[in-house]
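Enquirer: Would you mind keeping the following structure in view while I ask a few things?
Just so you know, all these numbers are worked out from the coordinates, no wet-lab data involved. Values in this document were obtained by computation on a predicted structure and should not be read as measured data. No Cβ is skipped: glycine too gets one built from the backbone with ideal geometry, and neighbour counts run over all protein chains shown.
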Amino acid sequence: MELKVAIVANKEELTIQVVYRLRRLLAQAGIPEDPLQPTIVISVGGDGTLLSAFHQYEAQLYQVRFIGVHTGHLGFYTDWRDYELAEMVASLQNEEIKSISYPLLEVKIGYANGKPKRRLLALNESTIKRGNRTMVADVYIKDELFERFRGDGLSISTPTGSTAYNKSVGGAVLHPSINAMQLAEIASLNNRVFRTLGSPIVISDNDWLQIKLQHSSDYQVTVDQLDIPQDQMDTICYRIAQERIRFVSTRHMHFWHRVKDAFIGDSEAHEI
């Protein structure tokens with residue numbers, strides 16, 4: 001397959017300079033740019049930029065692989081730093097470029113007004129909240145009622161997204177080799193009258209979640225960084241998608257190293 005590259009970048013001044021150097025190195029290596037039908041998508045910026053790149057090319061996941069170049073601190077989806085461009089471009093000239101894949105979340109939104117269901121993909125997570133009021137929703141696992149949730153909302157994440165919002169609401173960090181999704185409650189109400197499990201749960205790729213919402217016009221649903229407009233939503237279904245995201249693995253950092261670097265840092269620095 002012919003190597004063709006697309007570049008997705010943010011608008012930061014440093015990123016603009018990095019993209020300029022990257023384009024020059026790609027031209028010198030004889031690697032063409034093709035933003036319409038690329039085989040490699042290079043994200044330059046941070047994790048947010050890579051999320052944007054993913055959604056821009058999510059219809060071409062079977063044809064493309066991703067590379068992340070970070071222009072700030074190390075991110076979870078970025079393997080290369082801005083001063084390593086020459087090494088990165090050289091790695092693309094290998095005859096056999098290997099890849100590593102991660103699971104994605106399939107989101108299907110149903111509507112009370114008969115509007116056709118909307119299908120989306122999430123690389124990180126999807127959340128459901130309800131304005132400034134308590135959200136009440138029935139949570140089904142594989143068509144069986146599991147609990148009636150009352151609280152601020154729900155977060156459903158992929159393994160790679162488990163280090164994002166999921167972690168901040170008490171969810172577990174999952175290794176991306178686990179083909180599963182995680183449901184975490186956001187400030188659930190638990191007392192003698194209202195009860196939920198109150199703990200994050202991990203759902204296998206053989207199961208699915210269905211969230212049945214009470215009628216309301218103030219739900220706030222997100223899929224990664226995208227805000228989904230409210231239009232009489234009544235159900236949201238989640239499962240592990242058949243599609244997967246693929247990253248070029250010539251220099252793919254160990255997941256637990258990423259976790260340590262992001263949340264713990266240099267352990268020797270904490271020694272007493």
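Enquirer: What pairs from LYS11/LYS98; LYS98/LYS167; LYS4/LYS129; LYS11/LYS115 go past 32 Å between their alpha carbons?
Expert: Values: LYS11/LYS98 30 Å; LYS98/LYS167 30 Å; LYS4/LYS129 40 Å; LYS11/LYS115 37 Å.
Distance filter (> 32 Å) returns LYS4/LYS129; LYS11/LYS115.
Enquirer: How many Å³ per residue does the convex hull of the Cα positions in the stretch 104-242 occupy? Display every interim value, and only then the final one.
Expert: Values: hull volume 14.3 nm³, N = 139.
Here the figure is 103 Å³ per residue.
Enquirer: In addition: Taking +1 at the Cβ of each Lys and Arg and -1 at the Cβ of each Asp and Glu, which of HIS55, VAL248, TYR102 sits farthest along the dipole of the chain towards its positive end, judged by Cα position relative to the Cα centre?
Expert: Final value for the positive-end residue is HIS55.
Enquirer: Just need the relative contact order of the stretch 147-210 here, percent rounded to a whole number, with Cα pairs under 8 Å and 6+ apart.
Expert: This gives 36 percent for the stretch 147-210.
Enquirer: If you don't mind, there's one more thing I want to ask. With each run of n ≥ 4 DSSP H residues scored as -39500 (n - 2.57), what mean residue ellipticity at 222 nm is computed for the chain after dividing by its residue count and rounding to the nearest 500 deg cm²/dmol? Could the numbers behind the result be given before it?
Expert: Details: 5 runs with 47 residues, N = 272.
Theoretical 222 nm ellipticity from helices: -5000 deg cm²/dmol.
Enquirer: In units of 2.2 N^0.38 Å, what is the alpha-carbon radius of gyration of the stretch 1-122? Working shown, then result.
Expert: Values: Rg = 16.1 Å, N = 122, 2.2 N^0.38 = 13.7 Å.
Cα-based Rg divided by the globular estimate yields 1.18.
Enquirer: Check which residues have an amide H placed less than 5 Å from ASN124's amide H, if you skip close sequence neighbours.
Expert: Result for ASN124 returns ASP224.
Enquirer: Of all alpha-carbon pairs in the stretch 55-145, indicate the percentage at a distance above 17 angstrom. The partial results should precede the final answer.
Expert: Working: 2892 of 4095 pairs.
The calculated P(r) of the stretch 55-145 puts 71 percent of pairs beyond 17 Å.
Enquirer: Ok, one more. For the chain, take every pair of Cα atoms, bin their distances at 5 Å starting from 0, and report each bin as a whole percent.
Expert: Spelled out per bin, shortest first, that is 1, 6, 12, 15, 16, 14, 12, 10, 7, 4, 2, 1, 0, 0.
Enquirer: On to the next question. Taking H as built 1.01 Å from N, whose amide H comes closer than 5 Å to the amide H of ALA241, not counting residues under 5 places away?
Expert: Distant-sequence amide H within range of ALA241: LEU104, LEU105, GLU106.
Enquirer: Okay, next question. Taking a point 7 angstrom from the Cα of GLU87 along the C-beta vector, which residues in the stretch 3-35 have backbone N less than 17 Å away?
Expert: 22
Enquirer: Would you grab the residues whose amide H sits under 5 Å from the one on VAL44? Only those 5+ places off in sequence or on another chain, please, with H modelled 1.01 Å from N.
Expert: Residues meeting the amide H criterion: VAL8, ALA9, ASN10, VAL69.
Enquirer: While we're looking at this one, here's another question. Sticking to Cα atoms, compute the Rg of the stretch 168-272 to one decimal and its Dmax as the biggest Cα-Cα distance, whole number, in Å.
Expert: 18.3, 57
Enquirer: As a footprinting exposure proxy, order TYR77, TYR57 by other Cβ within 10 Å, with the fewest listed first.
Expert: TYR57, TYR77
Enquirer: How big is the gap, in Å, between the Cα center of the stretch 214-232 and the Cα center of the stretch 1-60?
Expert: Cα centroid to Cα centroid, the span is 31 Å.
Enquirer: In addition: Net charge near GLN17: determine it from the other residues with C-beta under 14 Å of the C-beta of GLN17, scoring Lys and Arg +1 and Asp and Glu -1. Intermediate results must be reported in sequence, preceding the final value.
Expert: Working: positive: LYS11, ARG21, ARG23, ARG24, ARG81; negative: GLU12, GLU13, ASP82.
Summing Lys/Arg as +1 and Asp/Glu as -1 gives +2.
Enquirer: Karplus couplings for the stretch 40-45 from phi (6.51 cos²θ - 1.76 cosθ + 1.60, θ = phi - 60°), rounded to Hz, Gly and Pro as x?
Expert: 10, 10, 9, 9, 10, x
Enquirer: Next up: Tell me, what ³J(HN,Hα) does each residue in the stretch 146-163 have, in order and in whole Hz, if you take phi through Karplus 6.51 cos²θ - 1.76 cosθ + 1.60 with θ = phi - 60° and put x for Gly and Pro?
Expert: In residue order, the calculated couplings are 9, 7, 9, 8, 10, x, 6, x, 10, 10, 10, 10, 7, x, 5, x, 5, 8 Hz.
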